[in-house]
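Structure, as C-alpha cells:
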C-alpha cells in the first residue's frame, strides 16, 4: 500500500497514459497541494522500500546517498508510476505569469550585462520544457514538468510550435528514437542556431489552472485538447475530518455546545454559498475547502476558538462572494440569503436621485455573539 | 573499472555553493585580480579539515608553488573522483594546503575541469565529496529542497541540514565533514 491519495494516483495514471494532464478547479480546492503530492510520488513512488541501516552510495537511486533504496535495489514501483523502469527521476517547476517569455519555457536570447565588458552581450537561455526534455532524453531518466497558473501567462504563445510535439503520439519512442509520427519543433542551441527537437516519451507535463481567473490570453480549443482534463472539486469531507466537525448528519442546536457544532455550521454555510455560486456564476467560481485550512488544520480546542475561527472563515467566504458577484447586487443577495426578515443580510431599495437603487445591508458587526446564528441561517 | 555497486559511505566533506561560487564551476571566475585561486573551493580552518582530506585522498605529489615571491615545494593530496549521475568516469582531483595569503585554508583546486553543473533551483546547494568502502571518491550536489524533503539517508540528511540551517552571515558558506568510521564531525558556524 502507498500513502498517496486516490486523486494523486489517478493523476499519475493519466500522466502515464496521456503524458499531459490539466488540473482544473476553483481557488483553494487543493490543486497546489495535489501537484506537490504528485511530484513526490513521481520521484519516490516505490513500495516495499527499505531503509539502509548505514548511509550507502546506491548507483541507481535518484539521490546519491538516499533515504530509501529505489526500485533497482529490490523495490517495486507503484502500478500507476509513469516510466516505472527509469530510476533517474526529476521534477521541474514553473509558474506562468503575464511576464513569462518563450525563453523561460522553450529557448531564447537574454541580455547578459557584464561590468567588465564594453557592450552588452547575449546568451541563449534554456527554458523549463527544454530542460525537462533534455533530462528525459538521458538514459534511464524521466522528468515531470509542473506548470502552475497555466492561464495566468500567455500559454499558447509560450508553447509555440511545441504544442503539436506535446501530444503523446507525436513523441519519440520508448528508447527516445524518432518514429514516423514524431513531430519536431525549433529551439535555439547554445550557439544561437535553431535546431529541431522532439519530446521524449518520458517527459510528462502536469499543469494547473483556475478557470475563474481571467486568462492573460484565451486558451483555444486546439490548445485544450492536447491535455487530459482532471477536475478538482471542493471537498467538504476533508475540512470536516481535519477540523473535527460534528458531521453532516448532526442536528445543530440553536446555541452551540461544542466546537464541532460551530465547525459544522460553517461548513454547511460554505456548501450553501457554493451551491448558489454554481447556479449564479458557474462551478469554476466556487470556493475550495482550503478556506478552512489556512489558519489551522486541527480541531479548535474550545468553543470560543471555534467561534473566532468561524468569524475568520466567514469573512473570507464573503470576500470571495463579493469578488465573484462584483457589480451584481442581486446575485450577492441571493448567495448571502438576504431577506427582509433576516437579522443579517437585507436587500433594500433606496432613492438615488430620480432613481431607485438596490443596496445590500450587512450585519454591522460579526462577533462571537452572532456568528453561529448567522452560519445556521445561511446554511438554511 | 566495472560498474559501481552499492557501497558503504565512509566519510564526507561538504561546502555550500554560494551565488558567487557558481562561476568557479564554469571557468569564468579567473577574471579577478585574486588569480587562479578564484576557481578553487576553500575549506577553513585548515587544521579542522586536514585529517579528513588526508584520509580521503590516497595520493601525494610534490608541486612547486610561488609563496612570498619564492618557489617552494609543497605536498598536495591527489585522487580521482566520479561525478554522481555521470557514470563511471574518473577525473583527477587535488587538495592543496594553505597559501601564504590565506594561511588557514585548504583548497579543492580547479573545479572547473570537472564539468559540474550546479543546480539552479531547489534552494541552497551543497557540494558533497564522499568516500565509499570500495575506495572510490564521489562528488555530488545536495539541494536544500532534497534535504528538507528528507530524501537523503537519515544520518547524512540530519547532519547536512542541521549544519546548513545554523546561523551564519549571508556571505559565509556552510561547510563541514562527517566521518562515519571515526564518528568525528565538524560544522563550521558563525563562531568558527
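Binning the alpha carbon pair distances of the stretch A:236-379 at 5 angstrom intervals from zero yields the distribution 2, 10, 19, 22, 19, 14, 8, 3, 2, 1, 0, expressed in whole percent. Within the listed set B:64, B:99, B:109, the residue fluctuating most in the Gaussian network model of chain B (springs between alpha-carbon atoms under 10 angstrom) is B:64.
What average number of partner chain Cβ atoms lie no more than 10 Å from the Cβ of the residues making up B:6-12?
5
Rounded to the nearest 10 degrees, the inclination of helix A:31-44 to the longest alpha-carbon principal axis of chain A is 30 degrees. Return one quarter of the surface area of the convex hull spanned by the alpha-carbon atoms of the stretch A:6-231, equal to its mean projected area, in nm². Dividing the Cα hull surface by four gives the mean projection, 15.2 nm². Shown for A:283, B:96, B:5: other C-beta atoms within 10 Å of each C-beta, ranked fewest to most, produce the order B:5, A:283, B:96. For the stretch A:219-307, the equivalent ellipsoid built from the Cα gyration tensor has semi-axes of 33, 14, 10 Å, listed from largest to smallest. Both radii are taken from the alpha-carbon atoms of the stretch B:40-175; with Rh as the Kirkwood radius, Rg/Rh is 0.98.
Under the definition of Cα pairs under 8 Å and six or more residues apart, what whole-number percent is the relative contact order of the stretch A:236-379? All intermediate terms of the calculation are to be shown ahead of the outcome.
Working: 188 pairs, mean separation 39.4, N = 144.
Averaging sequence separation for qualifying contacts and normalising by length gives 27 percent for the stretch A:236-379.
Based on alpha-carbon atoms, the Kirkwood radius and the radius of gyration of the protein assembly as shown give Rg/Rh equal to 1.06.
Test of understanding: in a Gaussian network model of chain A with alpha carbons linked when under 10 Å, which of A:56, A:157, A:356 would top the mean-square fluctuation ranking? Comparing A:56, A:157, A:356 in a Gaussian network model of chain A, the most mobile one is A:356. Our summary gives chain A a relative contact order of 17 percent, counting only alpha carbon pairs under 8 angstrom and 6 or more residues apart. Only helices enter the 222 nm calculation for chain A: every DSSP H run of n ≥ 4 contributes -39,500 (n - 2.57), and dividing by all residues gives -9500 deg cm²/dmol, rounded to 500.
Output the 0 to 90 degree angle, nearest 10, between the alpha-carbon long axis of helix A:128-137 and the longest principal axis computed from the alpha carbons of chain A. Taking the Cα atoms of chain A, the angle to A:128-137 is about 50 degrees. The ranking of A:116, B:133 by Cβ neighbour count inside 10 Å, starting from the fewest, reads A:116, B:133. Principal-axis analysis of the Cα atoms of chain A puts helix A:6-18 at an angle of about 40° to the longest axis. Shown here: the stretch A:218-259, whose C-alpha atoms stretch 55, 18, 15 Å along the first, second and third principal axes, sorted largest to smallest.
When chain B is treated as a GNM with alpha-carbon contacts under 10 Å, the residue of B:51, B:21, B:40 showing the greatest mean-square fluctuation is B:51.
I need to check one value: relative contact order of chain B, counting alpha carbon pairs closer than 8 Å and at least 6 residues apart, in percent.
Values: 346 pairs, mean separation 53.8, N = 192.
Dividing the mean separation by the residue count of chain B yields 28 percent.
A short reminder: the numbers here are calculations on the coordinates, not readings from a lab. Just so it is clear, the model here is predicted, and its values are computed rather than measured. Cβ atoms come from the backbone with ideal geometry, glycine included; neighbour counts cover every protein chain shown.
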